[in-house]
2 protein chains.
Amino acid sequence: MATINDVAEKAGVSVTTVSRVLNNRGYISEKTRQKVYQVMDELNYQPNELARSLLRKHSNVLGLIIPSVEHPFFGELANAIESVAYQHGFKLLLCNSQLDSAKEREYVDMMRRNRVDGMILGSHTLEIGDYTNLNYPLVTIDRRIGDIPFVASDNENGGALAARLLIAKGCRKIGHLSGNMKLDMLSNLRTTGFEREARQEGVEFVTYQTELDVFDEQIYNEIIRKMFTEHPDIDGVFATSDLMALFVMKWCRTFGKEVPRDVRIIGYDDIGAASWYMPGLSTIRQPIKDMARRAVELLLEQMDDKPVERETVLPVELVEREST
Amino acid sequence: MATINDVAEKAGVSVTTVSRVLNNRGYISEKTRQKVYQVMDELNYQPNELARSLLRKHSNVLGLIIPSVEHPFFGELANAIESVAYQHGFKLLLCNSQLDSAKEREYVDMMRRNRVDGMILGSHTLEIGDYTNLNYPLVTIDRRIGDIPFVASDNENGGALAARLLIAKGCRKIGHLSGNMKLDMLSNLRTTGFEREARQEGVEFVTYQTELDVFDEQIYNEIIRKMFTEHPDIDGVFATSDLMALFVMKWCRTFGKEVPRDVRIIGYDDIGAASWYMPGLSTIRQPIKDMARRAVELLLEQMDDKPVERETVLPVELVEREST
């Protein structure tokens, strides 16, 4: 049976380095990390097999990767997932990826070392293959990565509902703040639904792309400024997140546009702030608690080798407040 | 050496029950749990000693107990703690206690079984003894539990700064929304500082107690309504959290009081929403990132058996925006 010395020798690194890779400690270049894992695979090296199985048996820990728990939507989602996980006897490891692929990789490596029983991905910066060859219970939120089961709200219908409300209220030119359309995000279906509906109704619209995962007031304000400067006649805005919608609201007030008289605004998510802002923000409510529940259940079903639904799309709800 | 069978027999329960207590699985009454732990202590039973030490050696996991990551202050704090922990090679287990002592106890039990290397307490519902006899690295945020090292912002000075600003702006009667003064929370020093300053300056004030850890719009609104109904001549408000202050702002606007003309409002924390609300909320900024950094460092110092500062009080900063 291969030892840690065999791995070190064949990989051309020190035993300390192998140990660091295994224990995820200290700085290791990506190249070295890959090399060590490759040699471990070749030699079929089993690091502390007993420990691994014991760890596995006793882990009862789920991992959650999100961009940042500071973002209100992800804060509410993390809260709901932790609650459901707890009800099933699991603890939750929190990873704020901050869209940092090195950090995300560490969590995926940890998974490889059997330190969590399953992982929920609400952010991904790595290549599809990095996830799909893990062979561990995985669930994604709002993104399609290979064959990994996903949970999403009915983004397309949500986008259509938003368009219909603004049009029914008389908007003639709608500004839409979408996510980054280059990413294969299910949340981009909000844009699909919105644009289809606006086209069908013959209402003019302009779409500005943002980074949905990023929470940066300055970036938001820059895009909002650009949109209103290039199209000062916009009389309705559909933002793909409530947070962006609230920044649009602030922008409008700063520049003397009254909401909803001059500009009607609708967001997406229904975070807490949507109801306590003044005026209250109309929005498309994501069923956060149901999404959390299904995500955890999908992990449990995989652990029990049960057949698993690949696509879970949960209904959204139009919540009308004062901003429209 | 005692076996799991010995423990079960002496405790008068099944082996399955002992196993459940050890693995924290399924429903176990608090009475049974205590009995099993007591017998384990009496028999000096070491469950899977090898597993425990391996787990211990490899844990690299810190635990964080907060009321709810959904609350913006705790969301930002959790985000900052996770970042610092990650920089030191540690992962973060998130526990939203929801002020549920059974849930909090499970996390403390987990600690006992060596599943985390240290724990940061931003919430506590258990008795002091439940923590102090753990003999594990512990740090609290904003609360004093026995001899456990704590990290806090300079609450007393923060309260005084808030009072001074409102008085300098001409407020003659200040409503103060404090935390629950029966709890031994360091954040209650905000009230001490505020009241001392107001008394010194001879300015009238009324204090209404709330549950700082609770995030419930209805409860907040009820207290705010009561305060303004009983004291309609209040022309300044110091709320012990920004979230409460934002609800006061909303209440004022709903009932035709203009901010800051009729009522000047200042909060505490400087959460993100304080800057993006309209009007911007004046507040006392807690150094969240520094608090997170110190909390993690204090755990690391304990792990390395270094001498540890028992009291860490970090400076606050007055942030003046439009609400005052």
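Summed over the range A:153-187, residues that are at pLDDT 95 or above and among the hydroxyl-bearing types (Ser, Thr, Tyr) total 1. Among the residues making up the range A:85-97, those that are open to solvent by 20 Å² or more (accessible area, probe 1.4 Å) and not polar (S, T, N, Q) are A:Tyr86, A:His88. Count of the range A:197-211 residues, restricted to those that are of a type in the set (S, T, N, Q) and open to solvent by 80 Å² or more (accessible area, probe 1.4 Å), is 2. Consider A:Ala245 carefully, then state whether it is within 13 Å of another protein chain (Cβ to nearest Cβ) and aliphatic (A, V, I, L, M). Spelling it out, A:Ala245 is indeed within 13 Å of another protein chain (Cβ to nearest Cβ) and aliphatic (A, V, I, L, M). Each residue in the range A:176-230 was checked for being without any contact (Cβ under 8 Å) to a residue 40 or more places away in the chain and among the hydroxyl-bearing types (Ser, Thr, Tyr), and 6 pass. Taken over the range A:238-247, the residue count meeting the criterion of being touching a Ser or Thr at 6+ places or on another chain (Cβ under 9 Å) and of a type in the set (A, V, I, L, M) is 3. Given the options A:Phe255, A:Phe238, A:Phe194, name the one that is within 21 Å of A:Ile284 (Cβ to Cβ), out of contact with any Leu (no Cβ under 7 Å at 6 or more places or on another chain) and of a type outside the set (Ser, Thr, Tyr). When all the criteria are applied, what remains is A:Phe194. So B:Thr210 fits all but one of (1) at pLDDT 95 or above; (2) more than 12 Å from chain A (Cβ to nearest Cβ); what number is the exception? Tallying (1) at pLDDT 95 or above; (2) more than 12 Å from chain A (Cβ to nearest Cβ), B:Thr210 fails exactly one: (1).
For the range A:37-57, a tally of residues being surrounded by fewer than 17 Cβ atoms within 10 Å (Cβ to Cβ), in a loop (DSSP other than H, G, I, E, B) and either modelled with pLDDT of 70 or more or away from chain B (no Cβ under 11 Å) (or both) returns 3.
Flag set for B:Val237, criterion: touching a residue at least 24 places away in the same chain (Cβ under 8 Å) and touching a Cys at 6+ places or on another chain (Cβ under 9 Å). Being open to solvent by less than 20 Å² (accessible area, probe 1.4 Å), facing chain A (nearest Cβ under 10 Å) and at pLDDT below 80, is that true of even one residue in the range B:62-84? No, the range B:62-84 has no match at all. Could you grab the pairs with beta carbons closer than 9 Å, sequence gap of 6+ or different chains, first residue in the range A:11-36 and away from every other protein chain (no Cβ under 14 Å) and part of a loop (DSSP other than H, G, I, E, B), second one open to solvent by 60 Å² or more (accessible area, probe 1.4 Å) and at pLDDT 80 or above? Close Cβ pairs (under 9 Å, with a partner that is open to solvent by 60 Å² or more (accessible area, probe 1.4 Å) and at pLDDT 80 or above) amount to A:Gly12/A:Lys35; A:Val13/A:Lys35.
The values are calculated or read from the model by the stated rules, or taken from the named source; none is laboratory data. Keep in mind the model is a prediction, meaning the values are calculated, not measured. Please note: Cβ atoms are built from the backbone with ideal geometry, for glycine as well, and neighbour counts cover all protein chains shown. Surface accessibility is based on the protein's heavy atoms, side chains included, excluding ligands, DNA and RNA. Shrake-Rupley method; radii C 1.70, N 1.55, O 1.52, S 1.80 Å.
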